[in-house]
Amino acid sequence: MYDYTFGNRIFALRKQAGLSQSELAKMMGVTDKAVSKWETGKAKPNTNTIRKLAAFFHMDVSELLDLQEAKQNKRITKIVITGGPCAGKSTAMSWIQNAFTQMGYSVLFVPETATELITGGVAPWVCGTNAEYQKCQLELQMAKERVFEQAARTMAADKILIVCDRGALDNKAYMDDAEFAEVLRFIGSNEIELRDKYDAVFHLVTAAKGAEEFYTTANNAARTETVEEAAALDDKLISAWTGHPHLRVIDNTTSFEEKMKKLIAEIAAFVGEPEPYEIERKFLIEYPDIRWLEGHPACRRIEIIQTYLQSSAGEEVRIRQRGADGHYIYFQTIKRKISGAKRVEIERRLSQEDYLKLLMEADTTKRQIRKTRYCLTYKNQYFEIDVYPFWKDKAIAEIELRDEGAAIVFPKQIKVIREVTDDDAFKNASLAQM
């Protein structure tokens, strides 16, 4: 999970001083990008810069840093509810409000930005180009999220759930590759940063896929798609979010009420209500067709470096660098097995600085694991296919489930050798043994 405290503190102080990121960066002797990373929680200044910041804002270093310590028990989780047109997002928001308020959460909703703009007269067909419109939408989306995160940090509640009605990567489904690249350059960001800044993503499949009789455009002034267009857009949205560490796709194979109940159960399991367990099944597969994976529209390649830390008996602690093309995010994961495929898993997001510090606690009896992961969405299932440099004839495919008995449908291109869920020899911790 992101720790927004220090970043929001710097953002608030900068705004109070009436400074842009560029102006503050110049005064501190750093780049604009460095200030941006401080404010988004991706990095922290070094000791000398913290002293300069404290002096500039007329406060002690302890005052600048103590705010983080005083609020370290506050838990803020930011999720995205996405999906194709007429997927049930509006109803889902009501279900989430009711369910998680009862669980003791303060629930904050970031409204859908596209609807706000289009109903306000700002639309792709009135702006100069689609790319120009998308720049406006993405800037507003990011600004709104930042305000909600800042507000959350001021609240007395210990558990806060920020629910985004669509997230930054939804925009990608409405652009071609050239337009998306133009928008990324404009905002000074990258796809991984936009996708993985959310803790989890929950995709509700459009009624146009499997519940066509319920598809309508009457309840949303910004919705204009036909059934066929809605189904195609749904596929594009799934493709845009594929690669996120925690993506769940919720289809229309049940009644609408059961669809909502499944969404609530998936979110509850993720945030750890009553506890953060997951059910994971693992399969040994033949070495996959890499060209097929990399050419699949709903598949993303991720580079992973995984390091195991010293830990107590019965517990596995690891840190992970995850990303692609020079853009990375960092996690710490603690695992405790309950039984069979079920285990407790606690994960938190790290800054690069914290990640580098934790590397000093590496378990030197285990080697660092490097692998290429292919995240594949297929028939509303989310597979993670790990290819290791020391295997040329096999790989590992994993899938997380809410029900141990759920049916799994593999693509015909994936050849399963056998299930290895309970085979310790194929766990990363075993592969890391020297």
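The values are calculated or read from the model by the stated rules, or taken from the named source; none is laboratory data. For clarity, every value in this text was computed on a predicted model and none was experimentally measured. As a convention, Cβ positions derive from the backbone with ideal geometry for all residues, glycine included, and neighbour counts pool all protein chains shown. Just so you know, the surface numbers come from the protein's heavy atoms only, side chains and all, with ligands and any DNA or RNA stripped out. Shrake-Rupley method; radii C 1.70, N 1.55, O 1.52, S 1.80 Å.
Laid out as a table, the results:
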{"quantity": "Selected residue (only one of K415, K427, K392 is under 28 Å from the mean Cα position of the chain (by Cα), open to solvent by 50 Å² or more (accessible area, probe 1.4 Å) and of a type in the set (K, R))", "calculated": "K427"}
{"quantity": "Test: L117 is open to solvent by less than 30 Å² (accessible area, probe 1.4 Å), over 23 Å from the mean Cα position of the chain (by Cα), touching a residue at least 12 places away in the same chain (Cβ under 8 Å) and over 20 Å from E182 (Cα atoms)", "calculated": "yes"}
{"quantity": "Members of the stretch 32-64 that are among the aliphatic types (A, V, I, L, M), without any contact (Cβ under 8 Å) to a residue 24 or more places away in the chain and assigned to a helix (DSSP H, G or I)", "calculated": "A34, I50, A54, A55, V61"}
{"quantity": "Breaking point among (1) at pLDDT below 80; (2) under 17 Å from R146 (Cβ atoms); (3) surrounded by fewer than 18 Cβ atoms within 10 Å (Cβ to Cβ), for S20", "calculated": "(1)"}
{"quantity": "Candidates E182, E112, filtered to the one that is surrounded by fewer than 20 Cβ atoms within 10 Å (Cβ to Cβ) and acidic (D, E)", "calculated": "E182"}
{"quantity": "Residues located in the stretch 128-172, provided they are farther than 25 Å from S94 by Cβ, among the small types (G, A, S) and assigned to a helix (DSSP H, G or I)", "calculated": "A131, A143"}
{"quantity": "Filter pass, E229 being under 29 Å from M103 (Cβ atoms) and open to solvent by 20 Å² or more (accessible area, probe 1.4 Å)", "calculated": "no"}
{"quantity": "Inter-residue pairs, beta-carbon under 6 Å, first more than 16 Å from A240 (Cβ to Cβ) and open to solvent by 20 Å² or more (accessible area, probe 1.4 Å) and in the stretch 368-389, second part of a loop (DSSP other than H, G, I, E, B) and β-branched (V, I, T), 6+ apart", "calculated": "K379/V409"}
